[in-house]
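Shown next, in structure tokens, is the structure this report addresses.
The values are calculated or read from the model by the stated rules, or taken from the named source; none is laboratory data. Computed from a predicted model, the values in this text were never measured in an experiment. Note that each Cβ is placed from the backbone with ideal geometry, even for glycine, and that neighbours are counted across all protein chains shown. To get the accessible areas, we keep the full protein, side chains included, count just its heavy atoms, and leave off ligands, DNA and RNA. Shrake-Rupley method; radii C 1.70, N 1.55, O 1.52, S 1.80 Å.
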Amino acid sequence: MRAIHDLSGLIKYAGREPWKTRLEGCLEEHFGPAADELDVDFDELLDIVGPHWEGPLWGCAFEDLIGREFDGENLADDYLKRRGWNEKASVKAYIKALRQTPMSLYEVSDIVPGKSMRLRDLLQGGEPVTVEERSASSSLHNWDRIATRLIVGRSGAVISGALLAFSPDGSEQLIDGFAKIGAQPDPDFDFDVTDRAVLLRHSAPVITSTWLLDAAGVMGPPMPDLVNSDGDDILFHRLVFPLPKGVTQKQIAARFQTLPTLSPASAKFWNWLEDKRIKSRRPAQPGAQMLASTMDDGSTILGNAELAGRFLTIEVNSAERAKRARDLFIPLLGDLVQAPLTEIRTVAQMMAEQRQERDETAEPEIPAAEMQRIVRDMMDRQYRQVLDEPVPALGDKTPRQAVRTKAGRAQVVEWLKYLENGTAKSGNEQMAGYSLTWMWEELGVADLRQ
């Protein structure tokens, strides 16, 4: 017995002319622009985005073909006229509905795994629709963005078989592009682009192309400018001071006790703290993202110092702080240390090293409940601090400042969705289970969480 969504008969029929040639043309419209942009063929394109996407991508083009007309001819109409007698009523109804339903971009929320989810159309607008869905609802997360066809019938709403999961950046590119195309009439199009519904019916190839370029990493934004709390560009410096023969670690530690801005974390490790009497901060660069470490009392950590074997290592995160460290520690330590060797690493190099270290280091055996508590406490501290720090996505305003205006509240909602979605998809079981509901409530936007 065929399932309601079984299109095997229609797919087989599409292998006949003239539909075979028309399907090939449709496939070229969906995949050609991205392949040309990347200068690859289709097989190479699949290698880039992942061979497992071949089925969904083919499905996007095939479902697009179902809704198209060629000189008054339509695949679904032709098939149902000639082969409809061999299909169940439910399958025929599904094919007819698919013929009339365009692909769009949806935001996912209120997921009940294995049962249902709500979809909000980000291209046409309107109220969210609850969809009965088993498979996708088990793998998606709140605020994911997906491209699919939402079919609403008498017994409820379902999604089609073709589904593409968009990244936040890719979805914003698609939304912006759709808005720009529909902003004013264009004589190059043989349809009214200012009519959203009409434009959407012709947009399936654009949706696929945008997804392909996003998945291939072409459309992602560059890494934001990163600065520390002083406004310095992030560039990690490691100063390694050899200890001369006869000098002991105890001598170094004794000299460190004379410096109030060095806070010991252990017998061989110190945090170098900002002298609150000295104001070294510069105005934040527009659009820059600040990386800062602080102590529990709010003191800013400028760097750290560690004794290991016959070496003293001082690490900071900018060239300016490296100079300050030399100017401070060389006179302080005098002949207790030799001239330092300096190692410099970019943010990308540091991230690559950290990934390699995580891969090579086995995780400690910590009970799940204890690990969950540790992660929860860490994220509580982190996010409570973020509420009072400038956020580039909010126009460099703090979340508490941004929610004071209507436009700011809308930005905060999108920012919270981004945080919540990223946390759920972190790959860390403890982080994925962390709830950000308290942030919505504390910022007074819980009523907009939909």
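Here is how the numbers come out for the structure above:
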| item | result |
| --- | --- |
| FRET E, pair residue 54, residue 21, Förster distance 22 Å, beta-carbon r, rounded to 0.05 | 0.60 |
| Residues of region 1-71: accessible area per residue with a 1.4 Å probe, Å² | 56 Å² |
| Three semi-axes of the equivalent ellipsoid, region 67-131, Cα gyration tensor, whole Å, largest first | 30, 17, 7 |
| Spatial extent of region 109-171: Rg and Dmax, with the Cα atoms as the point set, Å | 11.0, 35 |
| Karplus-derived HN-Hα couplings along region 207-213 (A = 6.51, B = -1.76, C = 1.60, θ = phi - 60°), whole Hz, x at Gly and Pro | 4, 5, 4, 4, 4, 4, 5 |
| Chain lengthening between residue 409 and residue 295 when straightened (0.36 nm per residue, less Cα-Cα) | 38.0 nm |
| Residues residue 387 and residue 11, FRET efficiency given R0 of 60 Å [Cβ-Cβ distance, rounded to 0.05] | 0.70 |
| With every protein chain in place, region 33-120: carbon and sulfur % of accessible area (1.4 Å) | 47 percent |
| Rounded D (µm²/s) - region 58-196, Kirkwood Rh over Cα pairs, Stokes-Einstein at 25 °C, 0.890 mPa s | 148 µm²/s |
| Projected label distance in nm at residue 28 and residue 110, using a 7 Å step from Cα toward the beta-carbon | 4.5 nm |
| Residue 311 versus residue 184: modelled label distance in nm, points set 7 Å from Cα along the beta carbon direction | 6.2 nm |
| Residue 303 long-range amide H proximity, modeled H, under 5 Å | 272 |
| Net charge, residue 81 excluded, C-beta distance under 14 Å - Lys, Arg +1, Asp, Glu -1 | +2 |
| Segment residue 129-residue 255, extension gain: residue separation times 0.36 nm, minus the distance between their alpha carbons | 38.6 nm |
| Net charge of Cβ neighbours under 14 Å - reference residue 100; Lys, Arg +1; Asp, Glu -1 | +2 |
